[in-house]
Every structure is written in C-alpha cells, then in structure tokens.
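To start, the structure itself, in structure tokens.
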DNA sequence: CTTTTAATACCGCACGGCGGTATGTATTTT
DNA sequence: AAAATACATACCGCCGTGCGGTATTAAAAG
C-alpha cells in the first residue's frame, strides 16, 4: 500500500479498527492479525511503526473512548458563574443528556467480559478524571461554601468511581429496575456526604438513558 | 514424576505456585512454563489434566485468595444473638483483626498492575461476597429493625465494593495519610446511608493494618 | 529550480514462545 | 483384569514483536 502523506490518518484508522474490535470481541481475543485484516491493505509493520505494542494500542483506544466525556468535564469545570455544587450537578446532568453516546453505544459493549479494557477505564477514572476534573470542582465548592468536606481528593475519587464504574451500564449488566435502585442508593449516599445534587429530573433522565442502552443489547 | 496417590495435593501445589507467580509477576506475564518450572518435576500434562485452561487456574487462585475471608464472612453471618447492624460492624472489625493475612501479605501484591487478577477479585466481590454474605446480614438488619433501606441488594454491593476495592491497599497504593482519609470519607458515607458502624476503635485498627502493609512494600 | 540528503511510512518475513491438544504409559481403583 | 486416573512427551498453530529493506516525502544544499 502506498505511503500516506498524513500519517495521523493511519494512526486514527488503526485506533478506529482496534476500538471496534476490542469492544466486539474483547482485547485479549483480538489479535494484531484481526486488526490488520480490517485495515484495508496496511501491514503489521505499519502498526508497529505507529505503536510500540498491542498494549500501546489499548491506551490509545481508551483515550479515544474517554476523550468526548473529558471534553465535557473540562467544559463544565471551566464555566464561570457557577458554584462548585452547581457544577457537580450540571456535570451529572450533561453526562446523561449527551446524544446517545456516538458509535460506541451502537455495539453495546460488555466491559463485564473485557478485563483489560475495563481495567484501563478504571485507571483512567482514578488517575485522570478524578484529580483533573472532579477535584477542582470540589475544591471550588469548598471555597465558595457550597460543598463541605475535609477530604476533597478522596471524595472526588469515590463519587466518580461510583458513577463511572458501579453505575456504568457497560460494566454492570443491570436491569432497568436495578439501575433505578442503584441511582436511589447513590442519591442517598451523596446526600449523606452533603451533596444533594441528584434530583428527580436527573433520576428520570438516568432511567431513560438506561432504557435506551438496554434496547441495544 | 511418579503418580500421586492423593491428586488433590498436586492440585494444591499447582495453585500454590500459580498464586505466588501471579502475585509476583502478574497473570499475563506468568507463562504455563513458569508454573511448570516451580512444580518440582511435574509436567504440562499434569497441569492440563487438573485444569482445563490457564484461565481456570486463575479462578482457583482467586478462590484460594478469598476463601479465608469468606470463611470469616460466613461465620459472622451465621452467628446467633446479633442484630444485622452489629454483625456488619463485627465483620469490619474481624476483617481488620485477622493475623496479617497469611503468606499473601508477605509479597505485598500490587493488583494495580495485575488487570486479570484484579478483575477476578472484582467479580468475586460482586457476584459472591455481596449476595452471599453481606446481603443476608442487611436483610436481617431490616427485619430486626437495626438497618433501614429500601434497596438491600444495591446497598450490599456498594458497601462491599467500597471496602474491598476502593479501600484495598493491594489495589490502591495509598499512603497512610490517604488511607486514613479514605476511611473518614467511608465512615461519613456509611453514616449517610444510616450505617454508623465505623467507630474510633475500627479507625485505629484500620490505620495499624495499613501501616503494617506499607512496611512490606 | 534542481539535486542531494535525511527522515519517515510502510512492507513482509522470520523467530521465539505461548496456550493448548493428542497420545502414550504407568499406577491405582473397582 | 478392566477401567479410570495421574501424569509424561511430543507436537501444533498462532501470536506479538523485531528488523532489514524499500518507497515516498520533506528539508537542505547547490
């Protein structure tokens, strides 16, 4: 195959294909050959020119999966004229109101059977989402008086882990009923932590979203 | 090697070796050959006679890792003369008071770099520990009036996940300070859920335990 | 505007090792 | 003595990866 004048396109192509395959068959059961097979003529050498290992591709795939969500998080974090608590609430509302999360949802990935990918997302959540997005919001909430806690870092981690992992329909294959119950417990937990940011409107949307996801199964 | 009249011993040996290697090098970087190498003369045939796959060995290893903990959980669960809430409290106290968790702690495993093993423990927690041990206790608490919730299943899951995963020093490489702060947030969360089962005595022991673990790093 | 040079994008094969299987054999159980 | 069990041995196909080579492009030199 001819050489591409814009190598980033090739990189993107590889990530596209890998993302789809990882979600469909799981990371471990997707071979480099499988990826090559959907690359349209590109070879093994091409892959290992752009990525140093299969693991390296996984990192890129995870970044791709979270980049949209992260953009939204950054946007809310940097908005002016909101208290920390309001931002936290907005953030949950937005994360639930995004248009049925692009292509990813069309395959209804089952991370519950994809250890490597799940682990990768877990890491991302703890090492990036929590400190880079949630924590600053909580800190602001502390200084503007809308949030009270002595442990902002740990609070940030716990909250986003509960939301991104425990309540993630891609990870836990919950029924609609179970999802609703989780939301209720989550709401109570948040209130217990002084964060009454889950209201009825959010609960309703949460259910609608779960229903949509369920249909794609 | 001569045939063993008590094959369970062979099975145990394989699990012993695999457990050690999985903790030391991680599941994925431990090859079947590596295991054979420490079996003292046993061969591949032996392994694949007793286990149908490498994955199958992982399951056995995970069971081994959790069996002691599960025994304790079952014991507390089945005790007479305690309210649900008291049992829950006892359970946390016991889990923290066990003698520096046998051999496992001697290698100070880092599950944060062991995706497969972490995933396996995660599954165990959700699919066995929560429904089989925590849930019955919460149910009892509801009927004896010591615990109030409309969502026992979800509460059980959240509580044990927070304790077994988020606060697990094998998974999160937290400093003593950070661990303490997590405990505080956890305590607050539990109180918010109507479960004030974390008292000062528990907090103290929690810290001592973390300190011991830290030393082994 | 050419020519040279160096860097990059990609090809394709070979290699070591991996998880797994098929088959054989000795020992134990029934 | 037959059947089942507990291993050993030999082997297979594939996988991730490294690498020598080549074509294309961009940058530097003339």
Note to self: Using only Cα atoms and rounding to the nearest 10 degrees, what angle (0 to 90) does helix A:7-25 make with the longest principal axis of chain A?
What the structure shows: 70
Next item on the list: Taking only Cα atoms and a 10 Å spring cutoff, compute GNM fluctuations for chain B and point out the largest among B:60, B:46, B:156.
Entry: B:46
Check: Since chains A and B are linked by a rotation, which residue in A has the beta carbon closest to its axis, and how far is it in Å?
Finding: A:192, 0
Notebook entry, point to check: Using alpha carbon centroids, what distance separates the range A:1-59 and the range B:20-55, in Å?
Noted result: 31
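Using alpha-carbon pairs under 8 Å, 6+ residues apart, how would you state the relative contact order of chain B in percent?
Numbers: 188 pairs, mean separation 47.3, N = 217.
22 percent.
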Next item on the list: With the convex hull built on the Cα atoms of the range B:88-217, state its orientation-averaged projected area in nm².
Entry: 7.7
Notebook entry, point to check: Taking a ≥ b ≥ c as the square roots of the eigenvalues of the Cα gyration tensor of the protein assembly as shown, is the shape rounded (a/c under 1.5), prolate (a/b larger than b/c) or oblate?
Noted result: oblate
Notebook entry, point to check: Can you give the extra length, in nm with one decimal, that the chain gains between residue A:196 and residue A:71 once fully stretched, where that is 0.36 nm per residue apart less the Cα-Cα distance?
Noted result: 42.5 nm
Next item on the list: Relative to the longest principal axis of the C-alpha atoms of chain A, give the angle of the C-alpha long axis of helix A:152-161, reported between 0 and 90° and rounded to the nearest 10°.
Entry: 60
Next item on the list: Can you tell me the 0 to 90 degree angle between the C-alpha axis of helix A:135-144 and the longest principal axis of chain A, rounded to 10?
Entry: 20
Margin query: Over chain B, with a Gaussian network built from C-alpha contacts below 10 Å, which listed residue (B:116, B:79, B:98) shows the highest mean-square fluctuation?
Written below: B:79
Next item on the list: Compute the Cα gyration tensor for the range A:23-97, then decide on rounded, prolate or oblate, letting a ≥ b ≥ c be the square roots of its eigenvalues: rounded whenever a/c is under 1.5, prolate when a/b is larger than b/c in the other cases, and oblate in all that remain.
Entry: prolate
Next item on the list: Determine the relative contact order of the range A:1-51: mean sequence separation of Cα pairs under 8 Å and six or more apart, normalised by residue count, in whole percent.
Entry: 36
Item checked: Compactness index (Cα Rg / 2.2 N^0.38 Å), the range A:1-137 -> 1.21
Note to self: Can you tell me which of A:62, A:178, A:125 moves the most in a GNM of chain A? Springs connect C-alpha atoms under 10 Å apart.
What the structure shows: A:178
Note to self: Going 7 Å from Cα along the Cα-Cβ axis for the label, what nanometre distances separate residue B:142 from the same residue across the other copies?
What the structure shows: 3.7
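Each value in this text was obtained by applying a stated rule to the coordinates, not by laboratory testing. Since we're looking at a predicted model, the values are computed, not measured. Glycine gets a Cβ as well: all are built from the backbone with ideal geometry, and neighbour counts include every protein chain shown.
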